[in-house]
Amino acid sequence: MRKLLYFLPFHFTLFLILGICVQYYFRIWQFDFKVLAIIHLLFLGIILFINFRKSVTFLTFGYFFFIGISTVFIQEDANYSNYYERFFTDNLSVVLKVDKVLKSSASHDKYQVDVIQIDNQKTRGTVLLNLTKDSLLNQLKINELLISKPTFLEVNAPLNPHQFNFQKYLEKQGIRQQIFLDKSEFKSLGLGTRTIKGWSEQFRDLVQVSMEKYHFERDELAVITALLLGQRQDLSKQLLNDYSRAGAIHILAVSGLHVGIILILLLNIFKPLEHFKYGKTIKTIIIILILWMFAFVAGLSASVVRAVTMFSFLAIGQQFGSKRIILFSLFSSMFLLLIFNPFFLFDVGFQLSYLAVLGIITIQPKLYSLIKVKSRILDFFWQLTTVSMAAQIGVLPLSLYYFHQFPGLFFLSNIVIIPFLEIILVTGIVVIFLSVFQVLPPIMATIYGFIISTMNTFINWISNQEAFLFEDISLSLWLMLASYGMIFFGIRFFADLNTKKVTYFLVSCIVFQSLFLLEKVQKNKKNEWIVFHKTRQTVFGFRDKNKVEFVHNLDSIQSMNSITDSYKIAENVQESFTKLNSNIYFYQNNPILIIDTLGIYQLKNLKKPIVVLHNSPKINLERMIRTLQPTQIIVDGSNYKSYATRWEKTAQKLKIPFHNTSQKGAFIKSD
């Protein structure tokens, strides 16, 4: 791993990433494209004509940093003169083109669509289309054109602290607005110009129809289409949960694992070509073509394209057989992908894939060399174990940061499944093509379905071993980065024991411990009162140092897990639950009055409280304000919207601070 620090492609990619992050988060480049082109020409001219080596090196690093800034600026549709938001008018007519089919919600089918025309103006830009579910409405196809007169809406930010930020997620996909339509509000214009993604979808639809004729069980077919076609829309929530808890969720997404297995298989199949002149080159070309054919079959989704690009470069690197060349290939593929789309950097799948492969390349050989196994069978399983462990070490801190759980039996699920995944993938590809030509023997379909069903049963058993599933793990961004510091210096130390490396490793441990203690001290100083937003319900949170008490009026605690769990995990606190059974609470000696449907507020000696309006009380708000002189009025999600709108106007007129959680999100009062 030390060589990585002196590896030039690593430095170039690092400065590119820094440039991407700076432009994305701080928007430092606000000039037009002409100025951008001039700066690029200046950089290239200076680098070409300066002979001093160190100056050229630093200028090159600066240039790659600027390339990162440029890619973000170029990729953002909002920077172009024909961006769709610039042409908003009353009663506008919009032509949309379906670009991607997304996973549906309970009430809507969801699509990523391009806004290609507003009235007579050609435009660019992408929005989220939410189409009301209708049994008579067929699913839209990629490249299908729609005409409508929609209302463009902002994507809402999360209303409660630490909940998943869908707004930020879509923004990283280049989507800033959404539209809602039902079948009466748009007209299909048929298919537009076919793209390769459209042809891929048509082929997958053909495969889907062909496979359904063989009467696979629902979960079997869902796993087959996820494994081989990249379609996860039909996976049940329970099945996804089982694979996640078993540490095998990566099996259900066509990604680096699948492409890597196919690459290893192809390298072995075409190895005899190496005995011929130019055989290695021919072998590499054939392998890359087959990998991209698989990407076509799998739908050319972003994750598949990333994986195939990465392993195409690795296949080229494998031709030379040098670890240095393989690292060069890895960072070259990352560099190319980030040039093509800098927002890949913020995709969790992209981050996990590259960290896993980097872990395998750099850590696995060191783990494998710890034990020498003479038996070929045992050596195979030991090699597989070290690959799984190296990949897990590479992604562990990031996985804990994003998903807050660690499946202790991940190695068991991977050791059992991955050796057979090659068979499952190869057999699955054969099953697909035989089914398309309607010559698939029923016995083969039955056997293949049984294999998939057995895998699902095994994964379900692993997921139910709750003693080995460590959940609700809180890891902050800084602790995650410090964890990677410990891993980096720890691997270097154990690979080559010496005083200098011991010192670096111990320092990294001290940094991690210091950050952990600092966060713990800050946590134990924190006190706050929170009014969460919950539709038609009331949920409060009273935080006292490392404990939080949730006060609620819900029948089931499980129905508010999405609110309470995200807060508990992110803040790393202990939780307790209490039913809402009083109209008066106190926070730091400040009275909190809950006014419910009874409308009672004239309490003795109660002055200047914080007032929470709950369950749409029928009260004269102006009279209540003059009586109690509240310091703050809060309206939670249990109230009618029409009531909240009327109350807000009254509060504004009397200049009383007013907070509506359905608009502003949770109300937080802290020391």
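The values are calculated or read from the model by the stated rules, or taken from the named source; none is laboratory data. Model, not experiment: these values are computed from the prediction. Note that each Cβ is placed from the backbone with ideal geometry, even for glycine, and that neighbours are counted across all protein chains shown.
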Condition check for residue 634: within 22 Å of residue 157 (Cα to Cα) and among the β-branched types (Val, Ile, Thr): yes
List every residue pair whose Cβ atoms sit under 8 Å apart, with the two residues 6 or more apart in sequence or on different chains, where the first one lies in the range 281-294 and is outside the structural domain of residue 261 (by TED's automatic domain parsing) and the second, anywhere, is modelled with pLDDT of 90 or more. none
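How many of the residues making up the range 468-504 are closer than 17 Å to residue 367 by Cβ and without any contact (Cβ under 8 Å) to a residue 24 or more places away in the chain? Walk me through how you get there before you give the answer.
Kept after step one, since they are closer than 17 Å to residue 367 by Cβ, are these residues of the range 468-504: 486-497.
Checking the rest, the ones that are also without any contact (Cβ under 8 Å) to a residue 24 or more places away in the chain come to 489-490, 493, 496-497.
Residues that pass the stated criteria total 5.
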Checked 622, 648 against criteria (farther than 23 Å from residue 534 by Cα and of a type in the set (D, E, K, R)); the one match is 622
Where residue 236 falls short, out of the listed (1) farther than 14 Å from residue 315 by Cα; (2) touching a residue at least 60 places away in the same chain (Cβ under 8 Å); (3) among the small types (Gly, Ala, Ser): (2)
If I ask for residues that are surrounded by fewer than 20 Cβ atoms within 10 Å (Cβ to Cβ) and not in a strand (DSSP E or B), which ones from the range 121-138 would you list? 133, 134, 135, 136, 137, 138
Under 6 Å by Cβ, and 6 or more places apart or on different chains, what pairs join a residue from the range 76-90 that is part of a helix (DSSP H, G or I) with one that is small (Gly, Ala, Ser)? 77/125; 84/125
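If we only count strands (runs of 3 or more DSSP E) wholly inside the range 508-599, which ones have 2 or more residues that are among the aromatic types (Phe, Trp, Tyr)?
Working: elements: 527-532, 539-544, 547-552, 574-579, 584-587, 590-595.
Per the criteria, 527-532, 539-544, 584-587.
Yes or no: the range 550-559 includes at least one residue that is touching a residue at least 24 places away in the same chain (Cβ under 8 Å) and acidic (Asp, Glu). Give the steps one after another, and end with the answer.
Start the filter on the range 550-559 by keeping residues that are touching a residue at least 24 places away in the same chain (Cβ under 8 Å), which leaves 550-553.
Pick out the ones that are also acidic (Asp, Glu) and you get none.
Looking for residues that are touching a residue at least 24 places away in the same chain (Cβ under 8 Å) and acidic (Asp, Glu), one finds none in the range 550-559, hence no.
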What do you reckon, is residue 141 surrounded by 14 or more Cβ atoms within 10 Å (Cβ to Cβ), touching a strand residue (DSSP E or B) at 6+ places or on another chain (Cβ under 7 Å) and within 25 Å of residue 344 (Cβ to Cβ)? no
Considering the range 227-255 alone, what residues qualify as being in contact with a strand residue (DSSP E or B) (Cβ under 9 Å, 6 or more places away or on another chain), buried (at least 19 other Cβ atoms within 10 Å of the Cβ) and polar (S, T, N, Q)? 231
Name the residues in the range 396-442 that are among the aliphatic types (A, V, I, L, M) and in contact with a strand residue (DSSP E or B) (Cβ under 9 Å, 6 or more places away or on another chain), would you? 396, 400, 409
Residue match in the range 337-352 (condition: of a type in the set (D, E, K, R) and over 20 Å from residue 249 (Cβ atoms)): no
Among the residues of the range 149-205, which ones are polar (S, T, N, Q), touching a strand residue (DSSP E or B) at 6+ places or on another chain (Cβ under 6 Å) and assigned to a loop (DSSP other than H, G, I, E, B)? 160
If we keep only residues of the range 194-226 that are touching a helix residue (DSSP H, G or I) at 6+ places or on another chain (Cβ under 9 Å) and polar (S, T, N, Q), then the residue nearest to residue 426 (Cα to Cα) is 225
Within the range 541-575, of all residues that are hydrophobic (A, V, I, L, M, F, W, C) and under 23 Å from residue 475 (Cα atoms), the one surrounded by the most Cβ atoms within 10 Å (Cβ to Cβ) is 563
Which residues, counting only those in the range 101-120, are among the charged types (D, E, K, R), surrounded by 12 or more Cβ atoms within 10 Å (Cβ to Cβ) and within 18 Å of residue 155 (Cα to Cα)? 109, 110, 114
Mind telling me which of the residues 433, 488, 437 ends up being loosely packed, with under 13 Cβ neighbours inside 10 Å and either in contact with a helix residue (DSSP H, G or I) (Cβ under 6 Å, 6 or more places away or on another chain) or not polar (S, T, N, Q) (or both)? 437
Residue 170 passes all but one of (1) surrounded by 14 or more Cβ atoms within 10 Å (Cβ to Cβ); (2) in contact with a Phe, Trp or Tyr (Cβ under 9 Å, 6 or more places away or on another chain); which number fails? (2)
